[in-house]
1. Once you have the Cα-Cα distance between Ala741 and Phe285, take 0.36 nm times their residue separation minus that, and quote the gain in nm to one decimal.
2. Could you order the peptides 485-496, 194-205, 780-791 from most to least packed, using the average number of other C-beta atoms within 10 Å per residue?
3. Could you give the size of the charge dipole of the stretch 127-240 about its Cα centre, using +1 on the Cβ of each K and R and -1 on the Cβ of each D and E, expressed in debye and rounded to the nearest 20?
4. Are there any GluC sites (Glu not before Pro) in the stretch 152-249 that are in a DSSP loop and have at most 10 other Cβ atoms within 10 Å? List them by number.
5. Cut-off is 10 Å between beta-carbons; in what order do Met463, Met499 appear when sorted fewest neighbours first?
6. What spacing in nm lies between the two simple spin-label points modelled at Thr74 and Leu318, each 7 Å away from Cα in the Cβ direction?
7. With 10 angstrom as the radius, rank Leu129, Leu56, Leu48 by how many other C-beta atoms surround their C-beta, starting from the fewest.
8. Looking at the stretch 709-818, which trypsin sites (Lys or Arg not before Pro) are DSSP coil and have at most 16 other C-beta atoms within 10 Å of their C-beta?
Amino acid sequence: MNIITIKRILFSFLFLSSLQMIGQETGKIVGKISLSGNTPAENIAVTLQGTKYSALTNSKGLYEIKNVKPASYTISIKAVGVRAVEDNIVVIAGQTTTKNVTLSQSQEDLDEVVITKNKYKQDKPSLSLRLNTPVLEIPQNVQIISGQTLKDQQITSMSDGVIRNVSGAVRIEHWGDLYTNITMRGSQVQAFRNGFNVVSSFWGPLTEDMSFVDHIEFVKGPAGFMLSSGDPSGLYNVVTKKPTGITKAEVSVMAGSYDFYRASVDLDGKLDKSGKLLYRFNGAFQKKGSHRPFEHNDRYVIAPVLSYQFDDKTKITLEYNYQHANMSEIGSYYVFGANGGGYASLPVDFTMTQPGVPDTKINDHSGYFQFEHKFDDNWKLTAQTSYFKYIQKGYSSWPAGVGPADIDLNYDGTPEGTLGVGEIIRNVAIWDAESNMFLGQIFVNGKFNTGAVTHKTLGGIDMGSKDYLADWLQSHNLDTFDNPFNVTAPNYGPPVNGMPSFDRETLLKDRAAIAGGIMNSKYAAGYIQDELGFFENKFRLTLAARYTWISQSSWGDPAISDSHITPRIGASYSITDNTAIYGLYDQAFTPQGGVIKSGADVKPLTGNNVEFGIKKDWFDGSWSTTVAAYSILKKNELTSDPSNIPNAQQYMITLGEKRARGFEFDVRGKIVDGLNLIANYAFTESVVTEVNPAVSLATGIEKGDIVPGYSKHVANAWLNYNLTNGKLKGLGASIGGTFLAGRETDTWSPGLERLPTYFKLDGGLSYEIGKMKFTANVFNILNEYLYSGSYYSSTNVTAYYWQSEQPRNVRLGITYKF
């Protein structure tokens, strides 16, 4: 044995001895962090105060802190959304100290900090819905689309497949990816963001980019504690990402068919050692082409958030969202059956848009300030305000005439020209718009007991001011009767009538006054709700009322103000800890603008909702089902007076009464380890139950007619399976489909040709290894010609029109977490 070998053996012995001595001189802390119900709490920060020692819990709630010097410490366990725990702990040299903790949930939303039982199911609504009740116990159908669902399905905006995850939801696709316009239960639902109603016009807010969205909540039927005014069919609430207190980051890139490229970043962390000042930053850049030529929709987004926790009781949050869109003119995706044919009578990639029409550019700003203060464990005050600014400089396209027809464009009623089969006069109009919204809320959540009865109370005030200005009056024909656009031999060269040149020197407010594009509303509302719990909270009775005053005007008409009290009565009974049945009666109302020729008062549109359902959590809450049935009655809806003289005062009359009925089924969650399912079905029927005889004579609308804009049968499914062990651990596969039948068009003129049954099949693969995840999805696997559309009948245009969806297309994505 030589000297070198002896030295190596001696060094190894001394090294092992030193490790043993270090191990004897230090200790170790291990444990498990759980939520109530023994649910593992993932990504919870465990620290020894005043030291560098810290750890994060894993997916099983376990943590381990090694090589801790012997001493007495204060162990701190905290995260946003849970009540912090601090306790004394003693570390002894050479020993392992075990510290297990069960956390109590605070009123904040645990799902907002990714503490979930599984990736597709969330058990509590966000703080912005103002409720302090689990979804299972709410006497209403509430469906939550988790952030992981959005990622797995590679959803990039609110109009990009979100609705497949909610029963009965369909889109009115007239506005493409500009506005979302979701219809449920037979009517368009209201758009909310962080608890604020962000609808400033008839069309809605710019579709949210998913880069800054945490999850989306769908509330079926009216919600008296949320709606100042709106349709009784419900609302959707987009909840944006907030700081979690956990330092982490994520970068994603995506590419796909038809020139689709996207990159996004999500940064989350602390700005001070104490963890009181937190930040979140999300940003995205996207270039998106189309299967139709000359069409695109590009965006970039920034969304910073700051929060400061003064102490255990008080917190403030500042947030800003900015979206910039640069896109083809609105309506560029429409095709008209000008060759005399019906729907889809032209190729799926056919376009009528003119290359060279300037882009439509939109700047969408929103800012939020939120103040939260806990008086004690039972009472909490939340005050928040927001400002929304929307600026649009753009264009829209719609034909001025479709052949074959004599086109009546002259003021004296004589036809200006004649169009033959396949011939169209394309028209481009200006669409400049600006919107300002100032919104404020203050509400209190509380809990107390009166004898054996528990109370969860909610009371608050809402106030808001919304203004919308738009110029859409100026327009320009690209084609002439001597040289029309022909769908059988399209010419995309310079238009014979030249490009539009519109007046933008005149102030928008002056142009909007001429165009009738002025809308504004102001409102103030107060509400109170009490959820009474009987028999150890097995039976819950909800009593609520909301008083709303609102003043609004549309199309430049004089403002009309009204006030109304809307009651809310709900009951929910827990048959078992995991099964609840419920019933609900709720109301909503909307003041209406217009003048009745007789001088009669204009009554507000009122809606009544009656709903019954059963909810069940399966296998310790791993997955849930909801079955609901409802009936909605809408009264006093106004429509144009058929006796109006052209170019004179546009009087209004009351249409009558509409009723929507149906039932819904939703299932979502983890069926077994690795297998996740989202599936739903809805049957909807919306009909006219009463009609004014004058309206019937002028329009042909009769009692019993179908109300346009929904599908009678809607079914969706998304199944995802991931291998949880073995050599292929991390490999996943997904399959999903959408089925629509009994599709009703968006207008009262359905035409003779019905929209066909719709079926779309999608699927994908994913692989996650370490900090990397690879995702690939194929949409429209069967390569079907899919479209939506309507029959349009007016003086100059009588034709079927439609917009096609992309043929088979692929998206590939890579996400890196660090």
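All of the numbers you see were taken from the coordinates with simple rules; none came from a lab. Because the structure is predicted, anything quoted here is derived from the model rather than measured. For neighbour counting, all protein chains shown are included, and Cβ atoms are generated from backbone atoms with ideal geometry for every residue, glycine included.
1. Here the answer is 160.5 nm.
2. My ranking of the peptides, most packed first, is 194-205, 780-791, 485-496.
3. Working: 7 positive and 10 negative charges, 51 e Å.
Computed about the Cα centre, the dipole is about 240 debye.
4. Hits after loop and neighbour filter: nothing returned.
5. Values: Met463 17, Met499 13.
Fewest-to-most Cβ neighbours within 10 Å comes out as Met499, Met463.
6. For Thr74 paired with Leu318, the spin-label model returns 2.9 nm.
7. Arranged by neighbour count, lowest to highest, Leu129, Leu56, Leu48 become Leu56, Leu48, Leu129.
8. Answer in residue order: Lys727, Lys729, Arg754, Lys771, Arg808.
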